[in-house]
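Here the structure is laid out as structure tokens; the discussion comes afterwards.
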Amino acid sequence: MKKFNINISGGGSTFTPGIILMLLDYQKEFPIDTIKFYDNDGERQKTIADACEILLKERAPEIKLIATTDPKEAFTDVDFVMAHIRVGKYAMREQDEKIPLKHGVVGQETCGPGGIAYGMRSIPGVLELVDYMEKYSPDAWMLNYSNPAAIVAEATRKLRPDANILNICDMPIGIEEIIAKTQGLESRKDFEVDYYGLNHFGWWTDIRDKNGNSILDKVTQHVSRYGYTMGGDDLPGEEASWNSTFKKAKDVQHLDPETVPNTYLKYYLYPDYEVAHANKEYTRANEVMDGREKFVFGECQSIVEKGTAEDTKLETDDHASYIVDLAKAIAFNTKERMLMIVENNGAIVNFDPTAMVEVPCLVGSKGPEKLVVGEIPRFQKSLMEQQVGVEKLVVEAFEEKSYQKLWQALTLSKTVPSAKVAKDILDDLIEANKAYWPVLK
Ligand SMILES: NC(=O)c1ccc[n+]([C@@H]2O[C@H](COP(=O)([O-])OP(=O)(O)OC[C@H]3O[C@@H](n4cnc5c(N)ncnc54)[C@H](O)[C@@H]3O)[C@@H](O)[C@H]2O)c1
Ligand SMILES: O=P(O)(O)OC[C@H]1O[C@H](O[C@H]2[C@H](O)[C@@H](O)[C@@H](O)O[C@@H]2CO)[C@H](O)[C@@H](O)[C@@H]1O
Ligand SMILES: [Mn+2]
């Protein structure tokens, strides 16, 4: 069986070890020859790479690992590019979250003004990876996780329309795993879903068990009472902010009791609640820096100091399982049914055909074939039209270096109360992003 060469772009990512561990779990069905880490911060990447080198030596010595900051070395002779970069790193995520809060507006990684600022940084970073891939391995596929996936997806649709890039998100995966537990099922793979929306802005409209019977009613009743928790209590092992997000899904679901929502909709439907409950001095970025980043880098440093990964606490997660499932679907034409962020083109018949929508697709060697969703209701359609307008204006603002269009995007966001507040936030974001954004005119 062919052995694959994988590029992991953003090798210094906190998710890289989890992806390596997941790849090791699938060696029989998805054998690897070489893994190449690529990052523009060699020092950050080295910590992760040195630990992964030990881990591979102990568990899969036949797999070669190269860590580099040289694009030619990183992108030559690869079959897949698994991309999860964070342009500006957590320091800029902290700005994305704290600047809007200063103006009484939702401060979030991928939603509202924070997502817009992050999008303006991510677009050039991801396009650069696409160009490297097309230059050095033109037949490769990019499986992109880099956020904000909605804006990155719109940018690659518009600015790299012929690229072999698949934009994905693991939020639905995480929620489906919780739904499975609430229904006494082993895993999300025990059911099939109908879903539609934009990235971080969607709804489940049916959930069918292996016999094709709908369990949606049971799920809507559960979520309308408990949100994405077992019986209203905190999910064991989940962080406090994630537990409050999973509980808030209950109030979001009340807006449409026939469906269950993506958790991110809370930022658009209850922005006042989110701002009132935010700590302007200590946001999710701080939690991640004190949590996941400290844990992953601490574990990697410990592996290197001990010279063994034998007792490491590092583990895989939904992020990893999804990206490997996707690589297998492309490599072996499995036609697996997966939610992908794809150009609408009629999947949602009464919605902008050029919008990047998140819908079920059958994924094979030629990429995703989207399933027809049909007509969507006025409520969701109207919300999505406003949000997709924001996402498209951000890409236009980037392309045209337009202050006006970025101001319009911020003003159009459901999270921003007025054009005045939008302009105040924009001027602060321009100052904070001087090293990353194009100069706007
Ligand atoms: N799509 C999803 O559902 C999903 C899920 C989880 C995480 N993510 C995304 O995955 C990414 C990684 O998350 P993380 O928390 O591990 O971030 P992280 O900061 O730990 O790692 C990101 C890495 O990217 C590198 N990087 C930044 N700009 C780069 C560039 N231009 N070229 C090459 N490398 C660059 C950084 O140096 C860093 O090592 C983020 O974009 C995050 O939002 C997406
Ligand atoms: O605040 P963070 O950095 O912890 O998470 C933000 C990301 O949240 C989602 O990804 C989750 C995923 O849903 C969950 O199942 C698990 O795998 O952790 C992931 C990262 O925490 C969301 O899909 C991403 O886009 C966000 O970046
Ligand atoms: Mn996501």
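The values are calculated or read from the model by the stated rules, or taken from the named source; none is laboratory data. Note that the structure is a prediction, hence the values are computed from the model and not measured. Because the Cβ atoms are built from the backbone with ideal geometry, glycine has one as well, and the counts that use them run over all protein chains shown. Keep in mind that these areas ignore ligands, DNA and RNA; they rest on the heavy atoms of the full protein, side chains included. Shrake-Rupley method; radii C 1.70, N 1.55, O 1.52, S 1.80 Å.
Taking interchain pairs and intrachain pairs at least six residues apart, which have beta carbon atoms under 7 angstrom, with the first residue in the stretch 326-355 and on the phi > 0 side of the Ramachandran plot and the second modelled with pLDDT of 95 or more?
Cβ pairs passing all conditions: Asn333/Gly364; Asn333/Ser365; Lys335/Leu362; Lys335/Val363; Lys335/Gly364; Asn345/Pro353; Gly346/Pro353.
From the list Glu186, Glu177, pick out the single residue that is away from ligand 1 (no atom under 13 Å from the Cβ) and either open to solvent by less than 10 Å² (accessible area, probe 1.4 Å) or under 20 Å from the mean Cα position of the chain (by Cα) (or both).
After applying the criteria, what remains is Glu177.
If Glu375 satisfies every condition in (1) under 24 Å from Asn147 (Cα atoms); (2) open to solvent by 50 Å² or more (accessible area, probe 1.4 Å) but one, which is the exception?
(1)
Assigned to a loop (DSSP other than H, G, I, E, B), away from ligand 2 (no atom under 13 Å from the Cβ) and either out of contact with any helix residue (DSSP H, G or I) (no Cβ under 8 Å at 6 or more places or on another chain) or of a type in the set (A, V, I, L, M) (or both): does that describe Gly212?
For Gly212, the condition - assigned to a loop (DSSP other than H, G, I, E, B), away from ligand 2 (no atom under 13 Å from the Cβ) and either out of contact with any helix residue (DSSP H, G or I) (no Cβ under 8 Å at 6 or more places or on another chain) or of a type in the set (A, V, I, L, M) (or both) - is met.
Among the residues of the stretch 50-63, is any under 20 Å from Tyr145 (Cα atoms) and either open to solvent by 20 Å² or more (accessible area, probe 1.4 Å) or within 22 Å of the chain's Cα centre (by Cα) (or both)?
no
Which ones in the stretch 268-291 are closer than 19 Å to His200 by Cβ and within 12 Å of ligand 2 (Cβ to nearest atom)?
Hits for the stretch 268-291 are Thr283, Arg284, Ala285, Glu287, Val288.
When you go through Leu101, Leu24 one by one, which is the residue that is surrounded by fewer than 23 Cβ atoms within 10 Å (Cβ to Cβ), closer than 26 Å to Gly298 by Cβ and more than 21 Å from the chain's Cα centre (by Cα)?
After applying the criteria, what remains is Leu24.
Kindly check whether there is at least one residue in the stretch 334-346 that is more than 21 Å from the chain's Cα centre (by Cα), at pLDDT 95 or above and farther than 30 Å from Gln27 by Cβ.
Within the stretch 334-346, one or more residues are more than 21 Å from the chain's Cα centre (by Cα), at pLDDT 95 or above and farther than 30 Å from Gln27 by Cβ.
Restricted to the stretch 122-157, and to residues that are open to solvent by less than 30 Å² (accessible area, probe 1.4 Å) and free of Cβ contacts under 8 Å to residues at least 60 places away in the same chain, which residue is farthest from ligand 1 (Cβ to nearest atom)?
Here the residue is Thr156.
Look at the stretch 316-332 and say how many of its residues are of a type in the set (A, V, I, L, M) and either within 14 Å of Pro368 (Cβ to Cβ) or at pLDDT 95 or above (or both).
Looking only at that region, the number is 5.
It is to be established whether one or more residues within the stretch 224-240 are in a helix (DSSP H, G or I) and surrounded by 13 or more Cβ atoms within 10 Å (Cβ to Cβ).
Looking through the stretch 224-240, at least one residue is in a helix (DSSP H, G or I) and surrounded by 13 or more Cβ atoms within 10 Å (Cβ to Cβ).
Taking the stretch 279-319, which residues are closer than 13 Å to Leu55 by Cα, of a type in the set (A, V, I, L, M) and assigned to a helix (DSSP H, G or I)?
Passing the criteria: Ile303, Val304.
Among the residues of the stretch 393-421, write down those that are in contact (Cβ under 8 Å) with a residue 40 or more places away in the chain and either open to solvent by less than 30 Å² (accessible area, probe 1.4 Å) or within 19 Å of Leu101 (Cβ to Cβ) (or both).
Residues satisfying the conditions are Val394, Val395, Ala397, Leu406, Ala409, Leu410, Ser413, Lys414, Thr415, Val416, Pro417, Val421.
Hey, Pro71 hits all of (1) open to solvent by 10 Å² or more (accessible area, probe 1.4 Å); (2) in contact with a Phe, Trp or Tyr (Cβ under 9 Å, 6 or more places away or on another chain); (3) within 16 Å of ligand 2 (Cβ to nearest atom) but one; which does it fall short on?
Single failed check for Pro71: (3).
For the stretch 317-330, check the following and say yes or no: at least one residue is in contact with a helix residue (DSSP H, G or I) (Cβ under 9 Å, 6 or more places away or on another chain) and open to solvent by 40 Å² or more (accessible area, probe 1.4 Å).
Yes, the stretch 317-330 contains at least one residue that is in contact with a helix residue (DSSP H, G or I) (Cβ under 9 Å, 6 or more places away or on another chain) and open to solvent by 40 Å² or more (accessible area, probe 1.4 Å).
Here is a yes/no grid of residues against (1) touching a Phe, Trp or Tyr at 6+ places or on another chain (Cβ under 8 Å); (2) closer than 25 Å to Glu94 by Cβ:
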position	(1), (2)
Leu383	yes, no
Gln386	no, no
Tyr403	no, yes
Val421	no, yes
Ala432	no, yes
Ala435	no, yes
